[in-house]
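Every number in this text was worked out from the coordinates using simple rules, so none of it is lab data. All of these numbers come straight from a predicted model, not from anything done at the bench. Ideal geometry is used to build each Cβ from the backbone, glycine not excepted, and the neighbour counts take in all protein chains shown.
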Amino acid sequence: MSVVKKAKRVGSVSKDATWKKLGFLPAFKEGKVGEAKKYRALCIHCQKCQSNTSIDRLIIHRKSCTKYREDLTEELGAKLEVDAPESMKTELSTDASDPAVTPSNIEFSTTSLLDKLLDEDESSGRNPETTLVSYLTDLDQLVVPPSDANRLQKDLIKAETEYLEAKSDYFTKMNEIAELKRTVTMLEAKKTQLEIAKLRAECE
């Protein structure tokens, strides 16, 4: 389902509630002398104000906010530490064969935590609207994953290289054609000179 359709369905949720759900607070920025204060959305994670307060833009910022991912990772660690049984904690602390934490693991963990938190929030009955939950669960579709971005970058470089090679071949061919035209012109000039010499000889 497109983001536009979802935005229409969220109309029954107040703006403040929607912003809070996405992790933003209303903020005002002082304008120039004589100008009214400018309405902004303040990210509670990175403390940056967003001048574009549309839901689509706020969701895109939420996905790309590095501090947001760090906070989710910390929250995941805290929840796992609290919820895990004591025996499991001992195994986790003593098992040296566990893989090391990598950026890909953090990415997977934060996404899983987000889904889990949304499920808990929906089942708690605090917010009967499910459209906002749909917004958050579709975050991964709004921003191109790093792997896809790298692939697209490589494809772009490859296409540009092929274009420049074709352009170089084109100018090479044009140069060859110009050389042939020059040779033909010189031959025609020589032929004309020979014809002139022949006519003069006949006149004598």
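Things to note:
- Modelled FRET efficiency - R0 30 Å, Ala201 with Leu180, Cβ distances, 0.05 increments: 0.40
- Legend: residue pairs Lys15/Lys38; Lys37/Lys63; Lys20/Lys48; Lys20/Lys67, Cα-Cα distance threshold 19 Å; pairs beyond threshold, Lys37/Lys63.
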